[in-house]
Amino acid sequence: MLKIKKGDDVIVITGKDKGKRGTVLRVVDQDRVVVENINIARKHQKANPQAGEPGGIIDKAMPIQVSNVALYNPRKGGPDRVGFKFLEDGRKVRVFKSDGEVVDV
């Protein structure tokens, strides 16, 4: 089970985008994540008339190390670490380390 999943709200804790908040768009290789509006790179793209894609300079969200982001805790109002816990019915869930609140129900 991954500590950060697609659709999670995260905060960047190190790097050029430190302090910015966004939603995880996809997980790449379990150690990198793509977050919306974070780690944007400008890419020079050649036009492809067969696919109907125009050429030019486009902005593209690049992957960022999962160790450089932390899950956003709405109760705390900031980043928080994530742990795991088993419920009474045997399910394994993610919990916030600071208050023990369950992340996903």
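The values are calculated or read from the model by the stated rules, or taken from the named source; none is laboratory data. No experiment lies behind these values; they were computed from the predicted model shown. Glycine also receives a Cβ, built like all others from the backbone with ideal geometry; neighbour counts cover every protein chain displayed. Each accessible area value is taken on the protein alone, full model and side chains, heavy atoms only, with ligands, DNA and RNA left out. Shrake-Rupley method; radii C 1.70, N 1.55, O 1.52, S 1.80 Å.
Data overview
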{"read-out": "Single condition Val27 does not satisfy, out of (1) at pLDDT 95 or above; (2) under 23 Å from Lys76 (Cα atoms)", "value": "(2)"}
{"read-out": "Within segment 57-92, tally of residues that are open to solvent by less than 70 Å² (accessible area, probe 1.4 Å) and either without any contact (Cβ under 8 Å) to a residue 12 or more places away in the chain or not in a strand (DSSP E or B) (or both)", "value": "6"}
{"read-out": "Residue in segment 9-55 that is farthest from Val66 (Cα to Cα), counting only those that are touching a residue at least 60 places away in the same chain (Cβ under 8 Å) and in contact with a Lys or Arg (Cβ under 9 Å, 6 or more places away or on another chain)", "value": "Asp9"}
{"read-out": "Some residue of segment 54-66 being out of contact with any Pro (no Cβ under 6 Å at 6 or more places or on another chain), modelled with pLDDT under 95 and of a type in the set (S, T, N, Q)", "value": "no"}
{"read-out": "Scan of segment 34-54 for residues that are in a loop (DSSP other than H, G, I, E, B) and either touching a Leu at 6+ places or on another chain (Cβ under 7 Å) or open to solvent by less than 50 Å² (accessible area, probe 1.4 Å) (or both), ordered by number", "value": "Glu36, Ile38, Asn39"}
